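K.L.:
Before anything else, here's the structure in question.
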Amino acid sequence: MPNLTVLLGRKTIQVHDIDKPVIRVGRDEEMDIIIDNPSVSRRHAEIRQEGGGWVVEDLGSSNGTFMSEKKIEAPVSLEIGSEIGMGKFSIVFGKVVGEGVDTAPVRSSAPADSYGGTTQISNKEVQDLLKDSERKRRAQIQWESGGRKGTHYLSETPAVVFGTSDLCDVRVPKAPKHHVLVFYHDGKCEVRNLGGWTKMKVGGTAKKRHVLREGESAVIGGLTMKYVADIG
């Protein structure tokens, strides 16, 4: 049976094993998957087995249920990797993705915000939430330099130069005078030291260029760059 992964941005809230033909999602205690957040309705959506496959249907929620950034008005078929948007959250069907994965039975609650009822979100806000959630799951460089931290999303600029100059794509407080190039292509992230004086180290070993693995960092001249892979 497939899994359902509840996500908030890049973080996995919970992974649920499907062991029944109908799974109801919402804020109410009677739901199979409880997302205790004001952006989610008490009875928000239903995921059910239909014929030889699975479908998702909105249950008249206040903020709607979305697939591919489009609000669904009728039952929609699901495939492995389909992403269902509801409020600030999304549910990935049939794949375990994200950070901090912890498998649990179907009935479980996601972290709550205080609320009195369902908070209404405009269509634009919903679209922005979905786009931001999708963006955060894409491949990225998480950097630290001179006491500052930042994130660069590689899907937006696959080839990017880090450095202290105004001419760099990502300007950082501390880095070599001769800049550092990060190149992302076909799911591989390569970092290149364009200078000759300051050494770049990966795992304590000096490198001129290196293809970073998931979670691996390159350190050069006060700049640390960690590669976090696409989880979509």
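K.L.:
So which of K177, K226 is of a type in the set (D, E, K, R), crowded, with 17+ Cβ neighbours inside 10 Å and closer than 15 Å to S145 by Cα?
P.N.:
None of the other options fit; the residue is K226.
K.L.:
I would also like to ask the following. Is it the case, given these coordinates, that A104 is more than 13 Å from the chain's Cα centre (by Cα), modelled with pLDDT under 85 and open to solvent by less than 30 Å² (accessible area, probe 1.4 Å)?
P.N.:
Criteria met by A104.
K.L.:
Tally the residues that are outside any loop (DSSP other than H, G, I, E, B), of a type in the set (V, I, T) and in contact with a strand residue (DSSP E or B) (Cβ under 7 Å, 6 or more places away or on another chain), restricting the search to segment 169-205.
P.N.:
5
K.L.:
Additional query: Of E83, E69, which residue is buried (at least 17 other Cβ atoms within 10 Å of the Cβ) and either closer than 18 Å to D230 by Cα or not aromatic (F, W, Y) (or both)? Reasoning before the result, please.
P.N.:
Details: E69 fails: buried (at least 17 other Cβ atoms within 10 Å of the Cβ).
Going through E83, E69 in turn, the sole match is E83.
K.L.:
Across segment 50-77, what is the number of residues that are more than 23 Å from S39 (Cα to Cα) and either touching a helix residue (DSSP H, G or I) at 6+ places or on another chain (Cβ under 8 Å) or among the aliphatic types (A, V, I, L, M) (or both)?
P.N.:
Restricting attention to segment 50-77, the residues satisfying the condition of being more than 23 Å from S39 (Cα to Cα) are 50-54, 77.
Restricting the remaining residues to those that are either touching a helix residue (DSSP H, G or I) at 6+ places or on another chain (Cβ under 8 Å) or among the aliphatic types (A, V, I, L, M) (or both) gives none.
Result for segment 50-77: 0.
K.L.:
Say whether the condition of being more than 30 Å from V40 (Cβ to Cβ) and free of Cβ contacts under 8 Å to residues at least 12 places away in the same chain is met by at least one residue in segment 209-230. Give the derivation first.
P.N.:
Let us first name the residues in segment 209-230 that are more than 30 Å from V40 (Cβ to Cβ), namely 209-227.
Narrowing the set further to residues that are free of Cβ contacts under 8 Å to residues at least 12 places away in the same chain leaves none.
The answer is no; no qualifying residue exists.
K.L.:
Now for a different question. All but one of (1) more than 20 Å from the chain's Cα centre (by Cα); (2) at pLDDT 90 or above; (3) surrounded by 14 or more Cβ atoms within 10 Å (Cβ to Cβ) hold for V92; state the number of the condition that does not hold.
P.N.:
(1)
K.L.:
Just give me the residues in segment 140-158 being out of contact with any His (no Cβ under 7 Å at 6 or more places or on another chain), of a type outside the set (D, E, K, R) and either farther than 13 Å from V191 by Cβ or open to solvent by 50 Å² or more (accessible area, probe 1.4 Å) (or both), in sequence order.
P.N.:
Those that are out of contact with any His (no Cβ under 7 Å at 6 or more places or on another chain), of a type outside the set (D, E, K, R) and either farther than 13 Å from V191 by Cβ or open to solvent by 50 Å² or more (accessible area, probe 1.4 Å) (or both): Q142, S145, G146, G147, G150, T151, Y153, S155, T157.
Residue-by-condition table, conditions (1) modelled with pLDDT under 70; (2) assigned to a loop (DSSP other than H, G, I, E, B):
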position	(1), (2)
A112	yes, yes
Y115	yes, yes
R138	no, yes
E144	no, no
K149	no, no
H152	no, no
V160	no, no
L167	no, yes
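K.L.:
On to the next question. Here are some residues: G195, G204. Which one is more than 25 Å from the chain's Cα centre (by Cα) and open to solvent by less than 30 Å² (accessible area, probe 1.4 Å)?
P.N.:
Criteria check complete, one pass: G195.
The values are calculated or read from the model by the stated rules, or taken from the named source; none is laboratory data. Being a predicted model, the structure only gives us computed values, none of them experimental. All Cβ positions, even for glycine, are placed from backbone atoms using ideal geometry, and neighbour counts span all protein chains on display. Side chains included, ligands, DNA and RNA excluded: accessible areas come from the protein's heavy atoms. Shrake-Rupley method; radii C 1.70, N 1.55, O 1.52, S 1.80 Å.
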